[in-house]
Amino acid sequence: MPKPLILFDIDKTLIDTDRLRALLKQNLAQLLGRSEDEVADAFLEYGSNLPDNTAFHPEELLKLFSQRFHTPIEPLRDAFYEPSRFQQALYPEVVDVLSKLRHQGYTLGLYSQGELAWQEHKMLANNLLEFFDKNHRYIKREKADPAIIENLPENTIIIDDKPGIIAFLETFPHVIPLHIVRERANHVGEYTLSTLNDLLPILDSLRNSGSSQQ
Ligand SMILES: [Mg+2]
C-alpha cells in the first residue's frame, strides 16, 4: 500500500506564531528607535480592523507603520522579513521530523489559512518549502472548504492545532485529522500530539491497525 499523504498546518503547528510576532515587533522597535509598547499599539491598531488573525497581510501592516512613524517602507520591510527571526520561530523538531518522513517515503503537503506569499515566506525563510509537494500546498483564505478536502486521497493525514478545524475534518471519513496541542495539560484523546515527534509512533500504529484488518 502507498504511504498516505500528510498535510501540515503552518501557524502553531510548524511555526510558533506568537514567538514570531514578538520577534518581529522587536525588530520594528529597534529599527524605529521606539519602545516595544509603541510598536505593540500599532500592531493592535492594525489587528483591530481584521476579521481574524489569518487575514493578516504584511504589506498593509508595513504601510500603516510607514505612515504612523513617518518612515520609508523599504527599511521597515527589511526589518520585518529578516530571515533569522523566522528561523528562531520554527519549532525545534520540525526539520528533523520532516526529513525523517520524507526519507520514509511519505508525500508531504501544507494545509494553511492566510495570505499566500506570507504563509510561503514562513517556509521559504526556513528552507522548508521544497519539502512540500507542489500539488499539495493548500494555502487559502478560508481553508475549512469541503472542495479542498473532498479531492484529497484516501487516508490523508492532516495535522492542525485548531479544535474547530479538527472538528470540520472529522466530518470527512476519508481523512485522518490529528490534533497538535503544544501545552500537554490541555490534551484530550489518544491521538493528540504535543510535538511533531509524537507523529512517528502514531503513523506506525495507524499502519499496523491497517494491516491487521486485511
Ligand atoms: Mg494553526
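So the values come out like this:
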{"quantity": "Filter result for residue 69 (without any contact (Cβ under 8 Å) to a residue 40 or more places away in the chain, surrounded by 17 or more Cβ atoms within 10 Å (Cβ to Cβ) and either at negative phi or more than 21 Å from the chain's Cα centre (by Cα) (or both))", "calculated": "no"}
{"quantity": "Strands (runs of 3 or more DSSP E) contained in the range 108-188 and holding at least 3 residues farther than 30 Å from residue 77 by Cβ", "calculated": "156-160, 175-179"}
{"quantity": "Filtered residues of the range 80-107 (kept if within 16 Å of the ligand (Cβ to nearest atom) and part of a strand (DSSP E or B))", "calculated": "90"}
{"quantity": "Hits in the range 34-60 (condition: part of a helix (DSSP H, G or I), hydroxyl-bearing (Ser, Thr, Tyr) and more than 16 Å from the ligand (Cβ to nearest atom))", "calculated": "46"}
{"quantity": "Given (1) more than 18 Å from residue 15 (Cβ to Cβ); (2) in contact with a helix residue (DSSP H, G or I) (Cβ under 9 Å, 6 or more places away or on another chain), number of the condition residue 163 does not satisfy", "calculated": "(2)"}
{"quantity": "Selection within the range 174-214 - closer than 21 Å to residue 153 by Cα, hydrophobic (A, V, I, L, M, F, W, C) and modelled with pLDDT under 85", "calculated": "206"}
{"quantity": "Hits in the range 143-174 - residues which are away from the ligand (no atom under 16 Å from the Cβ) and farther than 21 Å from residue 115 by Cα", "calculated": "150, 151, 152, 153, 154, 155, 156, 170, 171, 172, 173, 174"}
{"quantity": "Selection from the range 131-142 of residues that are away from the ligand (no atom under 16 Å from the Cβ) and touching a helix residue (DSSP H, G or I) at 6+ places or on another chain (Cβ under 9 Å)", "calculated": "131"}
{"quantity": "Residues satisfying the stated conditions in the range 134-154, i.e. touching a Leu at 6+ places or on another chain (Cβ under 8 Å) and either at pLDDT below 95 or crowded, with 16+ Cβ neighbours inside 10 Å (or both)", "calculated": "136, 137, 138, 139, 149, 152"}
{"quantity": "Residue satisfying all of: in the range 1-33; part of a helix (DSSP H, G or I) and within 14 Å of the ligand (Cβ to nearest atom); nearest to residue 98 (Cα to Cα) among these", "calculated": "17"}
{"quantity": "Qualifying residue in the range 69-78 (condition: acidic (Asp, Glu), part of a helix (DSSP H, G or I) and under 26 Å from residue 160 (Cβ atoms))", "calculated": "no"}
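The values are calculated or read from the model by the stated rules, or taken from the named source; none is laboratory data. Fair warning: this is a prediction, and the values are worked out from it, not measured in the lab. Note that each Cβ is placed from the backbone with ideal geometry, even for glycine, and that neighbours are counted across all protein chains shown.
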